[in-house]
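Before any comments, here is the structure.
Values in this text are rule-based calculations from the coordinates and carry no lab data. Remember, predicted model here, so these are calculated numbers, not experimental data. So basically every Cβ, Gly included, is an ideal-geometry build from the backbone, and we count neighbours across all protein chains shown.
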Amino acid sequence: MACARHVNAIQELVDGTLGSIRRAELELHLEQCEPCRRLADDLARIRDSAASLEPLTPPDRVWLQIAGRLRQEGRIAAPTPLAAARRTFMPLALAASLLLIVGASLYVLYPRGTAPDEAASAGNAPAADAVQGVETEFRLAEQHLQNAINKLQEAAKADDAAIDTQIASTLQKNLEVIDQAIAESRSALRQEPQSVPARDSLFDALKRKVSLLQDTIALMNQMRKGDAAGAAQIVDSANKS
Amino acid sequence: MSRMVAVVVAVVMVAAGAGQAHAQSAVRDRTVTRDRVVFVDRYQGRDRDQREQQTERSTRTLKLGANGEVYIANIAGHIAVMRGGGNEATLEIVKTSRGRTAEDAREMLELVHVDITERGSRAEIKTRYPQGEEWRRNNRRNINVSVAMTLTAPAGTRVQASSISGDISTRDIKGDVALESVSGSVRISNAGRVAAAKSISGSVEITDTEIEGQLEASSVSGTVLMRNVKARSLEAGAVSGNVVVQDVSCDRVEAQTVSGDVQFSGTLARGGRYELSSHSGTIRAAVAGDTGFEVEATSFSGDVRSDIPLKTESTDGRRRNRTIRGVYGDGSAVLDLTTFSGSIVISRR
Amino acid sequence: MTAPFPRAGAAPAGRAAELALVERCRQGDAGAFEEVYRTHAGRLYSVACRMVGNPADAEDLLQEIFLSAHRKLDSFRGESALGTWLYRLAMNLCLDYLRSKASRTSHLTDALDDEPGLADASSRGLANRALTRIDMERAVAQLPEGCRAAFLLHDVEGLEHREVAEALGIAEGTSKSQVHKARLRLRALLTE
């Protein structure tokens, strides 16, 4: 059992606030006292483990809700450049609680429901700088969304055995619905490059697609985990028979 | 410390005559396991399609306390959770199997288990089918077994339930509720807090519920319905399904779908914000009551129309049919309606 | 752990910049307030999540924190760093929220009872046991609210005891004893 009279000093050692004399005394003691040494190690590990807990990221809609409320209350003036550019709110985060277990880099690059410009500014630099001109911003955002979609589609194709055929077919049909929306919006934007509805429509649809693909992959992972895929095949036949 | 208790299987039934659909014969076996009593009733008979059906029903008491937690993972079969009195919960499990013969059906029943783990005030209930590549290779038959669960629990219980092809419902449960089904429907009624309500191809309905925070519900191809709900904000979404929001009382409503329709009907909250959008579906906002609102309704190629007289700003001639910006009354609420090719109709209910 | 955001306790030069930013916010500048949000929301959300135990409530709280912050901007005078001021607001809201949920009252600091984690039963300590993130999160969630708050701010968020004391409205010595108590509790919880 660790020596009660040394516990405080051990804690301060872990805090990094122990004066040099007391520190030397304590280290001498630790060499001779195993329970105290164990305590010191454990507390240090706990402190280190705490320090390395991942910062959690709030969903982007929170800022939009805050800004919306403040605007309603008349507490803030004109909308921010970002909000003006994207008239409609973030698309619904489908299945937000499902874990996304796709390659770590992909997850970090594209947190749920985020357009990359928003993701970048959510990190460090304030959104105010790097205003390149709204058009360029959009083109870049669209490119990033499309890249995300391509990567996710590859990941989904690589493992389509995990999902029951009926469910896979539903997901596929709905992806096609979104694809059609994307195609129509793009075509409209080509005819009327300045059209805000067409542009909003395109971005909404692209984000919905990212969302649905992420959900599909998450579903695959969930099913594979419990070998529910096997069970699902069983269920499939149960439904049909 | 956890105790694994599998559902106890009782004595096999007597086979009945062949070729007739007839009443069930039953045997009740009572086994006392610690201080829990497990009743297992077995029935057998033929279902309509002239296949042999075997049913095994069991009941189990869970000592959850008034604010316990239940985690249910089912695969094929419904899950229904409703409020009961007291501090204990009662779980009824009905396994149903269908086989070519009674023997076949009985064998299959034995292959599917419901594992129940209790740890303090938390219970985990998981359905387990035979698994793995090896099993599948050696046994090419299909397991036609569904497991229906009915849980009666104290109102403060927190419930997290998922199923693949079953419907999930909770009624009068005020603890946190998180329900996810893949192809089944999700129905929540009179809840206190909803952490998740989702399905992929099933419908999702939340009714008669009052919560303090945000309410979210989504389906991919099913209908999402929120009716008689009070919350700070609502988010309802679908891809090809419709979204219906009726008689809700919230500061914010966000309803979106891609090819489905959005229907909103009810009164508006003063200062509330209502955002309805669809790509190719129709948006119908049927406003009741007399709260003033400001509306911005835009469509790229669909028709936009308001049956409610509005004070409108002058709109760009080219887009006269595609945009309405106007104010009714004191303009306190905000209606933001958007489609790409679908039409938008604002009317009085 | 490298924090992507500037540290909560900014140096004096940073304080002047903070005051200027806050002044812009007071005048209704949305971009300025968004900057405040981008800088501090991640940290505040992390703390809220771990205080109240679930992301949905933490999200609601995060909204309230910033709405409340905007309303109270007039009372920010730059005596403490903006981050610390925000942590204080956040903690008050989290504890209010927890109090309203709990059947028993919770206190900002918990009674200092017998130190757990020293007794013979856990004298083997963590030994070679791996400390996964999930183990830690679960154990932290079981800490009594008062010392959980201090632990989150000090060991997880990296504030100094002086800053924790400011954020929680307690004495610096109390912050130390709360964090120390939390560590011992965690050691006991993780050894079970």
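Here the label points at B:Asp247 and B:Asp115, each 7 Å from Cα along the C-beta direction, are separated by 4.5 nm in the simple model.
Taking the mean number of other Cβ atoms within 10 Å as a proxy for protection, how do you rank B:267-279, A:17-29, A:41-53, C:69-81 from highest to lowest?
Details: B:267-279: 22.5, A:17-29: 12.9, A:41-53: 19.2, C:69-81: 14.5.
Those peptides, ordered most packed to least, come out B:267-279, A:41-53, C:69-81, A:17-29.
If you take each beta carbon of peptide C:52-64 and count the beta carbons of other chains within 10 angstrom, what is the mean? Display every interim value, and only then the final one.
On the way: counts 0, 0, 5, 6, 12, 6, 3, 8, 7, 1, 6, 11, 1.
Counting Cβ atoms of other protein chains within 10 Å of each residue's Cβ and averaging gives 5.
The phi torsions of the range B:94-103, fed into the Karplus equation with coefficients 6.51, -1.76 and 1.60 and a -60° offset, translate into couplings of 10, 9, 10, 10, 10, x, 5, 10, 4, 4 Hz, rounded to whole numbers, with Gly and Pro shown as x. Protection proxy ranking, highest mean first, for peptides C:170-177, B:91-98: B:91-98, C:170-177, where packing is the per-residue count of other beta-carbon atoms within 10 Å, averaged. Per residue of C:22-35, other chain Cβ atoms within 10 Å of the residue Cβ number 5 on average. In this simple spin-label model, placing a label point 7 Å from the Cα along the Cα-to-Cβ direction at both C:Ala17 and C:Lys101 gives a separation of 3.6 nm. Rg over Rh for the range C:120-191 works out to 1.01, using Cα positions for both radii and the Kirkwood form for Rh.
Once you have a ≥ b ≥ c as the square roots of the Cα gyration tensor eigenvalues for the range A:4-51, tell me rounded if a/c is under 1.5, and otherwise prolate or oblate according to whether a/b is larger than b/c.
Numbers: a/c = 2.09, a/b = 1.28, b/c = 1.64.
Oblate, because a/c is 1.5 or more while a/b does not exceed b/c.
Between B:Asp172 and B:Glu107, what FRET efficiency comes out of the Förster formula 1/(1 + (r/R0)^6) with R0 = 51 Å and r the beta carbon distance, rounded to 0.05? About 0.85, to the nearest 0.05. How much FRET efficiency would the formula 1/(1 + (r/R0)^6) give for A:Gln146 and A:Gln180, where r is the Cβ-Cβ distance and R0 is 22 Å, rounded to 0.05? Efficiency, from the Cβ-Cβ distance: 0.85. Calculate the FRET efficiency for B:Arg325 and A:Gln191 from the Cβ-Cβ distance with a Förster distance of 25 Å, rounded to the nearest 0.05. Efficiency at R0 = 25 Å is approximately 0.60.
The antiparallel fraction among DSSP beta bridges confined to the range B:143-292 stands at about 0%.
Once a ≥ b ≥ c are taken as the square roots of the eigenvalues of the Cα gyration tensor of the range B:112-243, is the result rounded (a/c under 1.5), prolate (a/b larger than b/c) or oblate (a/b not larger than b/c)? Since a/c reaches 1.5 but b/c is at least a/b, the shape of the range B:112-243 is classed as oblate. Rounded, prolate or oblate, given the Cα gyration tensor of the range B:219-349, with a/c below 1.5 counting as rounded? Oblate shape, in that a/c is at least 1.5 and b/c is the bigger or equal ratio. Subtracting the Cα-Cα distance of A:Gln172 and A:Ser20 from 0.36 nm times their residue separation leaves 48.1 nm of extension gain.
For B:Leu234, the residues whose amide H sits under 5 Å from its own are B:Leu215, B:Arg252, B:Val253, B:Glu254, ignoring neighbours fewer than 5 places away on the same chain, with H placed 1.01 Å from N. Within 12 Å, Cβ to Cβ, of A:His29, how many net charges do the neighbouring residues add up to if Lys/Arg are +1 and Asp/Glu are -1? With Lys, Arg at +1 and Asp, Glu at -1, the net is 0.
Quick check: pseudo-label points 7 Å beyond the Cα along Cα→Cβ at B:Asn228 and B:Asn67, how many nm apart are they? Distance between label points: 2.8 nm. Can you grab the distance from the C-alpha centre of the range A:189-221 to the C-alpha centre of the range B:218-282, Å, no decimals? That distance is 19 Å. Taking Cβ atoms as reference points and 11 Å as the exclusive limit, the residues near B:Thr267 contribute a net charge of 0, counting Lys and Arg as +1 and Asp and Glu as -1.
For a protection proxy built on the mean count of beta-carbon atoms within 10 angstrom, sort B:70-79, A:187-196 highest first, please. Walk me through the numbers before you get to the answer.
Details: B:70-79: 23.4, A:187-196: 13.4.
Ranking, from highest mean packing down: B:70-79, A:187-196.
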